[in-house]
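The values are calculated or read from the model by the stated rules, or taken from the named source; none is laboratory data. Quick caveat, the model's predicted, so the values are computed rather than measured. Because the Cβ atoms are built from the backbone with ideal geometry, glycine has one as well, and the counts that use them run over all protein chains shown.
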Amino acid sequence: MNLNDYFDPTSVAPLPNGLDRKDSVAGKLQMGFDRNKNIPKNTLVIFGVNESRNSNNPGAANAADNIRKYLYSLSGSVIKHPLIELGNLKQTTSPANTYIAFTDVARYFVEQGATCIILGGTQELTWPLFLGIAENVKPANVTIVDQTIDLSQCSGDFSSGCFVEKFIHEPADRLYNLCLLGFQGYLTSTGNINALQKADAELIRLGAVRSAMEEVEPILRDSTIVSIDIGCIRQGDSPGAINPSPNGFYAEELCQLARYAGKSHRMKAIGFFEYNTQCDPIGQTAHLTAQAVWHFIEGFNSSLRNRNVANPQYFKKYYVKSPIPNVEMVFLNNTLDETWWMEYPDAGNSATNPKVIACSYNDYLAASKGEIPERWIRHSKK
């Protein structure tokens, strides 16, 4: 695959009032891609997809370069693994052609073992991203961070306001878990909630996330793809959205979520979508998005990627008697990174091959008190 056929290089320079190039992200970037060399292990690739034609957000068409000038100015001290800047996906004659090219690129980098950072563009790009990744990662887990649920009045349409419908019809062997994170109840129809509940999607409202951020960490740790609508941030912190809301995540909460995602060893791609440049005259949202990207990069580089964290020698097993007849709950504590996991019996081969699911320490405490953790109940319905 010749990536030069897919990307236009970017010439964005860091802000003059940022850090010196030698100390900044700009100084740590590898610009462009040498197809004659193998991609090193634990590589991050970053690129823009300026597609907005299937949306009511034309201001998203220039998002990537606006974000870059702030990102390039931030500290590069956290970068230990290769970070390759590819530029922007070439403009095509139609959104459909952009989606095809995007799927090709996503498929290629998953095959190469790289993790993608996408600067969008509009959020329906999540679907072609999934199509490229799901060919090699089965089943995938997708987390969509948004203030609304993009499922309204679709009638077969495909756009930034309807793309979630595509995920509802995916079989479980391709999409194991779909999580809608941070939606606001007063912006969401009951019909959309019912449709997603019927499809066994995981729905977590903004208030539930903000009251217990640490309980969201296992969801992001288990995610293959994270798709973030920048409109999920409150308007006071981020005006650059097509439909900003006075409520939403605070700026630092978005950065925390991005860092959680970066630390995940299962993560294949994260996308930052729906940034509206036309509503961001002083660059506040571009700057915040750049900081969220930075926190993802920091999380990626701070995790123990050079160690086999799945090695059984790093796990302590805890067996908990459960109120479920003939079921013993097994929890795993990884002593390397202090993460918690639980074994869930695989219906096909429960004795020798249980499914390992990310959980929290609170899930273990609940089971120790004779309660069935909600996370366990959710997976029992899969």
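What is the number of the single condition among (1) surrounded by 24 or more Cβ atoms within 10 Å (Cβ to Cβ); (2) of a type outside the set (D, E, K, R); (3) farther than 18 Å from I46 by Cα that L129 does not meet?
All conditions are met except number (3).
Can you tell me which condition G121 does not meet? The list is (1) more than 22 Å from T277 (Cα to Cα); (2) surrounded by 18 or more Cβ atoms within 10 Å (Cβ to Cβ); (3) not hydrophobic (A, V, I, L, M, F, W, C), and all the others hold.
Exception for G121: condition (1).
Can you pull out every residue in segment 109-125 that is part of a strand (DSSP E or B), hydrophobic (A, V, I, L, M, F, W, C) and touching an Asp or Glu at 6+ places or on another chain (Cβ under 9 Å)?
Within segment 109-125, just L119 meets the criteria.
Taking the residues in segment 169-207 that are outside any helix (DSSP H, G or I) and among the polar types (S, T, N, Q) as candidates, determine which candidate is nearest to E135 (Cα to Cα).
N177
State whether one or more residues within segment 208-226 are part of a strand (DSSP E or B), of a type outside the set (D, E) and under 22 Å from A60 (Cα atoms).
Yes, segment 208-226 contains at least one residue that is part of a strand (DSSP E or B), of a type outside the set (D, E) and under 22 Å from A60 (Cα atoms).
Just checking, how many residues over segment 1-29 are surrounded by 14 or more Cβ atoms within 10 Å (Cβ to Cβ) and within 23 Å of S77 (Cβ to Cβ)?
Residues in segment 1-29 being surrounded by 14 or more Cβ atoms within 10 Å (Cβ to Cβ) and within 23 Å of S77 (Cβ to Cβ): 14 in total.
Can you confirm whether segment 337-344 contains a residue that is more than 14 Å from P218 (Cβ to Cβ), modelled with pLDDT under 90 and in a loop (DSSP other than H, G, I, E, B)?
So far as segment 337-344 goes, no, none of its residues is more than 14 Å from P218 (Cβ to Cβ), modelled with pLDDT under 90 and in a loop (DSSP other than H, G, I, E, B).
From the list K69, K80, which residue is assigned to a loop (DSSP other than H, G, I, E, B) and in the same structural domain as I117 (by TED's automatic domain parsing)?
K80
Would you say L131 is closer than 27 Å to N276 by Cβ, of a type in the set (A, V, I, L, M) and without any contact (Cβ under 8 Å) to a residue 60 or more places away in the chain?
yes
How many residues are surrounded by fewer than 23 Cβ atoms within 10 Å (Cβ to Cβ) and either acidic (D, E) or assigned to a helix (DSSP H, G or I) (or both) if we restrict to segment 83-97?
Count: 3.
Report whether or not S52 is in a loop (DSSP other than H, G, I, E, B) and under 22 Å from I230 (Cα atoms).
Answer is yes for this residue.
Name the residue, out of I219, I233, that is over 30 Å from K355 (Cα atoms) and in contact with an Asp or Glu (Cβ under 9 Å, 6 or more places away or on another chain).
I233
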